[in-house]
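Novice: What follows is a structure written as structure tokens; I'll ask about it next.
Rule-based calculations on the coordinates, nothing more; no lab input. Every value quoted in this text rests on a predicted model; they were computed, and no experiment measured them. Cβ: placed from backbone, ideal geometry, glycine included. Neighbour counts: every protein chain shown.
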Amino acid sequence: MRAFLFFLTLVVGAAVGLGLTWVTTVSGYGPGMIRSGPWEAWPKAGTEEADPYARAALARAGELPLELADGLAFVATKDDDGTALDGRCDIRLSGTLPQARFWTLTVTDSRGRLIDNAAGRTGFTSAEVVWNRDGTLDIELGPRARAGNWLPTGARERIELTLRLYDTPVGLASRTSDAPEMPSLVTQHCPWSKT
């Protein structure tokens with residue numbers, strides 16, 4: 001009986017420990033996240049100071065993160081209202097971007113894969129977009145082509161955006177209060193919506 005209880009305790013402990021680790025590595029790169037609106041980043045994920053959860057998440061995903069000295073990647077899976085980004089809807093990214101020498105914006109499916117589309121466009125760089133006169137930016141995301149800064153979403157049900165800032169002072173501090181102001185993400189129109 002004692003051996004059975006010991007074995008049961010080991011099994012339950014292992015299941016709880018592995019389950020919690022899996023949940024932590026699936027939902028980001030562990031502690032140390034900074035957040036600005038719907039955008040999230042883990043400044044220490046690509047450093048020697050990365051915690052074990054960040055290292056496990058990176059190994060599981062097979063990703064090579066940016067070193068903090070090189071830049072920082074912000075990821076958004078929701079809009080400003082907390083609604084999951086839906087590639088079947090029209091979404092507007094607008095506002096100012098944090099200071100960086102160069103940046104890229106990429107749209108992927110929920111598994112991080114680039115989305116095939118007829119336009120052959122999966123993202124923008126800071127050298128390609130058309131800026132507003134006041135230094136702000138407007139990018140439209142959606143399944144239908146439009147003039148201006150448009151990124152096709154392939155009408156995928158779930159999408160995510162990754163904004164990579166290269167040679168930027170952002171992220172040198174790791175507290176949430178030090179998160180920079182990021183552009184807003186607003187879902188404007190969904191085909192099934194009555195508004």
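Novice: Which value results for Rg/Rh of segment 101-150 when Rg is the Cα radius of gyration and Rh the Kirkwood radius based on the inverse mean 1/r?
Specialist: Reported Rg/Rh, Kirkwood definition of Rh: 0.97.
Novice: Please list the non-local residues whose amide H lies under 5 Å from the amide H of W150, H modeled 1.01 Å from N, same-chain partners needing a gap of 5 or more.
Specialist: E140
Novice: Hey, another quick one. Based on other C-beta atoms within 10 Å, arrange W150, W42 from fewest to most.
Specialist: W150, W42
Novice: Grab the other residues whose beta carbon is less than 9 angstrom from that of T187, score K and R as +1, D and E as -1, and report the net.
Specialist: -4
Novice: Further, regarding this structure: Could you calculate the FRET efficiency of W150 with A14 from 1/(1 + (r/R0)^6), where r is the beta carbon distance between them and R0 is 45 Å, rounded to 0.05?
Specialist: Step by step, r from the Cβ atoms, then E = 0.35.
Novice: Here's something else I'd like to know. Taking the Cβ of each residue in F7, F124, F74 as the centre, tally the other Cβ atoms inside 10 Å and list the residues starting with the fewest.
Specialist: With the fewest neighbours first, F7, F124, F74 line up as F7, F124, F74.
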